[in-house]
Amino acid sequence: MTSFETIHDAFRARALAAPDKNLAERPGRDTVTFGAALNQVGRLAAVLRARGVVKGDRVAAQVDKSVEALLLYLACLQVGAVFLPLNTGYTDSEVDYFVQDAEPRLFVCPPGDLEQLRARLPATATVESLGTRSDGTMLDAAADLPALEASVAVDADDLAAILYTSGTTGRPKGAMLTHGNLASNCAALLDAWQFTGDDRLIHALPIFHTHGLFVAGNMSLAAGATMIFLEKFDAETVIGLFPDATVLMGVPTFYTRLIQSPNLNETTVARMRLFISGSAPLLAEVHVAFRTMTGHAILERYGMTETGMITSNPLDGERRAGTVGFALRDVQVRITDRESGAVQPRGATGAIEVKGPNVFKGYWRMPEKTATEFTDDGYFVTGDLGLIDDDGYVSIVGRDKDLVISGGYNVYPKEIELLIDDVPGVLESAVVGLPHPDFGEAVTAIVVRQPGASADEAAIIAAISPGLARYKQPKRVLFADELPRNVMGKVQKNVLRDTHATLYSEPKGATGNGGRE
Ligand code: MCA
Ligand code: AMP
C-alpha cells in the first residue's frame, strides 16, 4: 500500500532515486529531468525564503501553464507555504477579491503583468513573475541562489494549498487543503489506478484546479512518472501523442472532442492503457462511442475541490457508464435523506456525504460556513445528489447546489445574476446551465427587463464582461416577460432548463421560445 507524508517528500524520493528520468517532456521544445526539477525546486524555495515567505504564508500564482509553475508549487510545499493557484481567466476585480481575502505574502504573475500588478496590489504582497519560456523574475532570482536542501517540517494537518471555489451566495470560498489531504488522496489513486513510474501521462489540463494539479500533477510527481506536458488541450495534438503515452486524464469535453476526430482508432491508442474522465458528468453515449472507436472503456471518477477524489470506477472490473464507481480507500461515502438526514438504503436517491482523510480542513476564515457544510457526525455534504446501487456503484443523479459545470469549470449562477441585475434596464435574471454539445452545460441567462427598457443581449454581455472570467460569461442571453416561480416565490430553474433544453442543439438562429433577440 503506497503511503508518504507529503507530495514534496514523495517527489524528492523519486528525484533522488532516478535523477535522469524525465519528469516532463515538452513536445517540440525540451525535457526536464527529475534531478533538474529537484534542483530548481530547491532554488525556487530559496527565492521564497529570500522574499520572506515563511510557513503558513500564502503564495498566490496566476500564471500561464508551465512546468516551472508546477515546480513553484513544490517549492511552496518545501518551505511550508500555502500554494494558492488562480485561474488565468480571472479578471482584475476577481483577483482583487482573492488577494484581499487570502492576503498572500507573494503574488506570482506572467512577466507582462508585473509592473501593472506591482502598482495595483497592496504593499503587503511582493509581486514576482514567472513565464512560460523559462523566464520571469522568480527564475532570474533562482539562478543566483543555491538550492535549499532542507524542507520545513509540516504536520499532516498543516495547510498545503488553498483553492477558491465559488458558492451559492456568489462569494468565493477558499478551500483549505492539508498536506495529509493531498498525500493520502494521491496515494489512494496511485494504488487504485496502478499508476507507476512506467506511466507516461498526457497532461493537457490547466494546473490551477484539483484535476490538473492534484490528480494529474501530484500522481506523476509522486510516482516518478513522465508527463507529456501540453500548454492546453487540442484533440489532434493529443491523438498524435497517444503512440508515445500510456494515460490520459481529462474532462468530458476532451472525450467529446476526441470522438469527433477521424484519427481516433484502435491503432492510435494501441500503447495507451488508461483513459480517465472526471470533473463533470460523462455522457453514456460518449463512453459508448469512445469504446466503439478505441476498444477502451473510459474510467470515470468523481471528486470535488473540497475533498479531492471520492470515488472511482475500477481499474480491474466493470467500468460502468453513467456511474462514478466505488469509494476510494479510506473514504466513506453515504447517501442521506435530504430532509431528515437519515442514511438511505442501497438504491435510494439522496444527498451524497463524504468522510475521510481526503476531506478538507474548512473554508479559509469562514468557520460558520464550514460548520454548515458538515453533519454532526463529521461528514461533508457535497451538494450532489446520488445513489449507491446493489453492487456498490455510486451514481450522481443531480445537484442540490445551484451550479453549472461548463467544460469542467464550475460557474455559480448567483455570481452572474448579481452582475446582470446591476445592468441598467434589467429587472431580474436567472442563470442556468443548458445542455451543450461541447461544454456539457452552457451558462445561459434568462433576463426580465424593466418596463420600457431595451437592453439587448450584446449590451448585457458587454456590461458584465469586464468583471467576469470568459468561461463564466453567458453563451446566450434570453429574454422573458417573467420568471417561473413556485408558491414560495422561488425561481423554478428546472422549468427554465426544460423550456430551453434544446437551445444549443437547434440550428443557429432558432430560439426555442422566440424570446431571444
Ligand atoms: C473555453 N471557453 C469556455 C470554456 N473553455 N467556455 C465555457 N466553458 C469552458 N470550460 C471559451 C473560450 O474562452 C472561447 O471563447 C470559447 O469558449 C472556445 O474556446 P476553445 O478554444 O474551444 O476552448 P479551449 O481552450 O479548447 O478550452 C476548452 C477546454 C477547457 C479544453 C474544455 O475549458 C479546459 O481545459 N477545461 C478543463 C477545466 C478543468 O480542468 N476542470 C477541473 C476542475 P471565445 O472564443 O468567445 O473567447 S477540478 C474539478 O472539477 C474536480 C475536483 C474534479 O473532480 O476534477
Ligand atoms: P469543484 O468543486 O469545482 O471541483 O467541482 C466539483 C463538482 O464537480 C462535484 O461536486 C460534482 O458536482 C462535479 N463532478 C466531479 N466529477 C464528476 C463526475 N465524474 N460526474 C459528475 N459530476 C462530477
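The values are calculated or read from the model by the stated rules, or taken from the named source; none is laboratory data. Since the structure is predicted, the reported quantities are computational estimates derived from the model, not experimental observations. Cβ atoms come from the backbone with ideal geometry, glycine included; neighbour counts cover every protein chain shown. Side chains included, ligands, DNA and RNA excluded: accessible areas come from the protein's heavy atoms. Shrake-Rupley method; radii C 1.70, N 1.55, O 1.52, S 1.80 Å.
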Q. Quick one: net charge of Asp481's neighbours, Cβ under 12 Å, K/R +1, D/E -1?
A. -1
Q) So how strong a dipole does the chain carry about its Cα centre when Lys and Arg Cβ are +1 and Asp and Glu Cβ are -1, to the nearest 20 debye? A) 300 debye
**Q.** Cβ-based charge dipole, the stretch 154-248, positive-most Cα from Phe195, Ala245, Met219
**A.** Met219
(Q) Considering the Cα positions of the chain, please state its Rg to one decimal place and its Dmax as a whole number of Å. (A) 22.9, 72
Q. Add -39500 (n - 2.57) for each DSSP H run of 4 or more in the chain, then divide by its residues: what number comes out at 222 nm, to the nearest 500 deg cm²/dmol?
A. -8000 deg cm²/dmol
Q: Could you quote the convex hull projected area for the stretch 1-146, Cα atoms only and averaged over all directions, in nm²?
A: 9.7 nm²
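May I ask you to derive the FRET efficiency for Asp456 and Asp498 from their Cβ-Cβ distance with R0 = 35 Å, giving the value to the nearest 0.05? Show your work: numbers first, answer last.
Details: r = 25 Å, r/R0 = 0.71.
It comes to 0.90.
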Q. Which distance in nm do the two modelled labels at Arg271 and Arg120 give, with both placed 7 Å along the Cα-to-Cβ direction?
A. 4.3 nm
Q: In debye, nearest 20, what is the charge dipole magnitude of the stretch 36-102 about its Cα centre with +1 on Lys and Arg Cβ and -1 on Asp and Glu Cβ, if you could check?
A: 440 debye
Q: May I ask which residue of Thr33, Ala143, Gly80 lies farthest towards the positive end of the charge dipole of the stretch 1-146, with charges of +1 (Lys, Arg) and -1 (Asp, Glu) on Cβ and the Cα centre as origin?
A: Thr33
Q: Work from the charge dipole of the chain (Cβ charges, +1 for Lys and Arg, -1 for Asp and Glu, about the Cα centre) and give the residue of Leu177, Tyr471, Phe380 farthest towards its positive end.
A: Tyr471
Q | Span from the the stretch 55-79 Cα centroid across to the the stretch 381-434 one, whole angstrom | A | 30 Å
Q. Where the centre of each part is set by its Cα atoms, how far does the stretch 263-283 sit from the stretch 87-113, in angstrom?
A. 35 Å
(Q) If the reach is capped at under 30 angstrom between alpha carbons, list the lysines near Lys493, excluding any in the same chain fewer than eight residues apart. (A) Lys173, Lys369, Lys401, Lys414, Lys472, Lys475, Lys508
(Q) Give me the dipole magnitude in Debye, nearest 20, for the stretch 278-395 about the Cα centre, with unit charges on the beta carbon: positive for Lys and Arg, negative for Asp and Glu. (A) 340 debye
(Q) Quick check: from the Cα gyration tensor, does the stretch 68-190 come out rounded (a/c under 1.5), prolate or oblate? (A) oblate
Q) Relative to the compact globular guide of 2.2 N^0.38 Å, what is the alpha carbon radius of gyration of the stretch 349-431, as a ratio? A) 1.40
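Accessible area per residue, 1.4 Å probe, Å², for the stretch 212-265: what's the number? Walk me through the intermediate numbers first.
Working: 1440 Å² over 54 residues.
For the stretch 212-265, the per-residue accessible area is 27 Å².
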Q: Enter the per residue convex hull volume of the stretch 251-403, computed from alpha-carbon coordinates, in Å³ rounded to the nearest integer.
A: 130 Å³
(Q) Rounded, prolate or oblate, given the Cα gyration tensor of the stretch 432-500, with a/c below 1.5 counting as rounded? (A) oblate
